[in-house]
Amino acid sequence: MRLIIARSNFFSYSETFIEEQINQLEPVDVLYEGWQPSRLKGGGYIYPIPFSILTVRGVLRRALPGLYQKIYTYYLQRFLHEQKIDAFLANYGPLGANIYEACAAEGIPYSVVFLGFDAAEKKTLDTYGSRYATYLPRAKAIICVAESMRANLEAIAGPLPNLHVIPCGVDVSRFTPGTPREGFNVISVARFAEKKGSLKSIQAFEILLQDFPEAQLRMVGDGPLWEEAKEYVSAHGLSGNIHFLGAMGQSDYLPLLQESNVFIQHSVLTPSGDSEGTPVAILEASACALAICSTRHAGIPDAVVEGKTGLLVDEHDVEGMASALKDFANDLEKTRLMGAAAREHMEEHYDVVKLSAKIKGLLV
């Protein structure tokens with residue numbers, strides 16, 4: 001199969017699922033750079049000069065968006081024909097809206113993966129909803145990483161028998177259990193964005209410190225709310241217990257996961273409708289045999305078996321999350337057993353090799 005995979009970014013720390021998808025499916029090339037991706041990971045563009053110049057594309061896209069879409073479709077179709085592509089996999093709904101015409105014109109089956117906001121955020125659905133209604137029923141496969149996305153997409157496009165729920169996966173051969181450090185150690189790996197609820201995690205941990213003043217929280221990631229979170233920690237005198245490590249690659253934060261007891265993430269649905277799919281960091285932590293402390297949000301209740309592999313609370317329930325943390329800290333042996341069960345759950349249901357094989361079987 002000569003497969004093309006498309007994504008909006010060349011690389012993003014928050015898109016490890018797409019990196020695994022590319023590694024497992026081995027496409028002939030990867031298209032990237034925005035919702036109308038034209039740059040090739042292997043080098044070059046689908047465009048000739050002058051359209052290969054970013055500023056030229058930017059001006060044309062802003063001034064004449066309809067014309068630019070036609071130009072994009074023409075050159076994408078030509079590229080697909082020349083490369084004899086026989087399957088196209090697009091990541092994110094808006095990207096799918098821009099590639100389907102070229103695929104349809106060339107008779108190439110296209111599939112689209114929805115990863116979270118693209119099936120829930122109000123602004124995105126308002127902008128792309130009419131195009132979703134057109135292209136979703138015609139796709140070879142629509143893949144959602146959580147069952148919670150189905151209702152929104154079918155409300156736009158009608159029943160979708162081509163919709164498949166396949167969660168994000170984790171490389172269980174790479175993310176393996178380690179030995180926790182002394183004491184009670186909590187870790188977060190997430191962008192500091194509203195839907196990740198990082199400040200709520202901090203506030204829950206702050207309550208925990210009343211009973212467990214030696215507990216430690218390490219936070220991997222950066223993002224728009226990073227400075228606000230750091231200011232809160234400083235103002236509340238928490239700097240000795242909460243540590244901001246910035247954005248890190250998987251190889252760098254893997255040992256940190258293996259040294260921890262509990263993974264924390266207070267995911268929420270934002271007022272704009274932005275939502276998680278299935279947070280990959282929760283899967284990675286589970287594969288490392290950490291107990292999970294999170295919320296009943298999107299695909300998290302599938303990834304975390306409540307009471308067995310972790311503890312979940314309602315969105316915005318900071319007190320409830322603090323209580324869950326205290327339960328973990330009070331009984332480290334029970335916490336260890338939850339982590340071991342989390343590892344087994346990942347091996348059985350979230351192995352990226354098995355899930356990628358499912359995706360591959362849907363593409364042609």
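The values are calculated or read from the model by the stated rules, or taken from the named source; none is laboratory data. Not measured: the values here are computed from a predicted model. With ideal geometry, Cβ positions are generated from the backbone for all residues, glycine too; neighbour counts draw on all protein chains shown. Areas reflect the complete protein model, heavy atoms only, side chains present, ligands, DNA and RNA absent. Shrake-Rupley method; radii C 1.70, N 1.55, O 1.52, S 1.80 Å.
Quick grid of which residues meet (1) assigned to a strand (DSSP E or B); (2) out of contact with any Pro (no Cβ under 9 Å at 6 or more places or on another chain):
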{"site": "Ala104", "(1), (2)": "no, yes"}
{"site": "Ser111", "(1), (2)": "yes, yes"}
{"site": "Asp118", "(1), (2)": "no, no"}
{"site": "Lys123", "(1), (2)": "no, yes"}
{"site": "Asp126", "(1), (2)": "no, yes"}
{"site": "Ser130", "(1), (2)": "no, yes"}
{"site": "Ala133", "(1), (2)": "no, yes"}
{"site": "Leu136", "(1), (2)": "no, yes"}
{"site": "Ile143", "(1), (2)": "yes, yes"}
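Would you check which residues across region 222-250 are within 20 Å of Lys196 (Cα to Cα) and among the hydroxyl-bearing types (Ser, Thr, Tyr) and list them?
Residue satisfying the conditions is Tyr232 alone.
Please determine whether any residue of region 56-72 is among the small types (Gly, Ala, Ser), under 21 Å from Tyr132 (Cβ atoms) and under 20 Å from the mean Cα position of the chain (by Cα).
No, the conditions are met nowhere in region 56-72.
Answer yes or no as to whether Lys200 is within 29 Å of Gly273 (Cα to Cα) and either of a type in the set (A, V, I, L, M) or open to solvent by less than 50 Å² (accessible area, probe 1.4 Å) (or both).
Judged against the criteria, Lys200 is not a match.
Output the residues belonging to region 105-120 that are in contact with a Lys or Arg (Cβ under 7 Å, 6 or more places away or on another chain) and either open to solvent by less than 10 Å² (accessible area, probe 1.4 Å) or without any contact (Cβ under 8 Å) to a residue 40 or more places away in the chain (or both).
Once the filter is applied, which keeps residues that are in contact with a Lys or Arg (Cβ under 7 Å, 6 or more places away or on another chain) and either open to solvent by less than 10 Å² (accessible area, probe 1.4 Å) or without any contact (Cβ under 8 Å) to a residue 40 or more places away in the chain (or both), region 105-120 yields Tyr110, Ser111.
Answer yes or no: is there a residue in region 261-268 that is among the small types (Gly, Ala, Ser), closer than 20 Å to Ser148 by Cβ and either open to solvent by 10 Å² or more (accessible area, probe 1.4 Å) or modelled with pLDDT of 95 or more (or both).
yes
Report yes if some residue within region 235-253 is touching a helix residue (DSSP H, G or I) at 6+ places or on another chain (Cβ under 9 Å), more than 30 Å from Ser173 (Cβ to Cβ), of a type outside the set (S, T, N, Q) and open to solvent by 60 Å² or more (accessible area, probe 1.4 Å); otherwise report no.
Yes, region 235-253 contains at least one residue that is touching a helix residue (DSSP H, G or I) at 6+ places or on another chain (Cβ under 9 Å), more than 30 Å from Ser173 (Cβ to Cβ), of a type outside the set (S, T, N, Q) and open to solvent by 60 Å² or more (accessible area, probe 1.4 Å).
Conditions first: (1) touching a Ser or Thr at 6+ places or on another chain (Cβ under 7 Å); (2) more than 22 Å from Lys326 (Cα to Cα); (3) surrounded by 21 or more Cβ atoms within 10 Å (Cβ to Cβ). Val172 passes all but one, so which condition is the exception?
(1)
Among the residues that make up region 129-149, is at least one of them among the charged types (D, E, K, R), open to solvent by less than 10 Å² (accessible area, probe 1.4 Å) and under 24 Å from Leu3 (Cβ atoms)?
no
From the list Ala298, Ala322, pick out the single residue that is touching a helix residue (DSSP H, G or I) at 6+ places or on another chain (Cβ under 7 Å) and either open to solvent by 10 Å² or more (accessible area, probe 1.4 Å) or on the phi > 0 side of the Ramachandran plot (or both).
Ala298
Is it the case that Ser267 is in a loop (DSSP other than H, G, I, E, B), under 16 Å from Gly116 (Cβ atoms), of a type in the set (S, T, N, Q) and in contact (Cβ under 8 Å) with a residue 40 or more places away in the chain?
Yes; evaluated as a whole, the condition is true for this residue.
So, Ala329, is that one outside any helix (DSSP H, G or I), in contact (Cβ under 8 Å) with a residue 24 or more places away in the chain and aliphatic (A, V, I, L, M) or not?
No: the conditions fail for Ala329.
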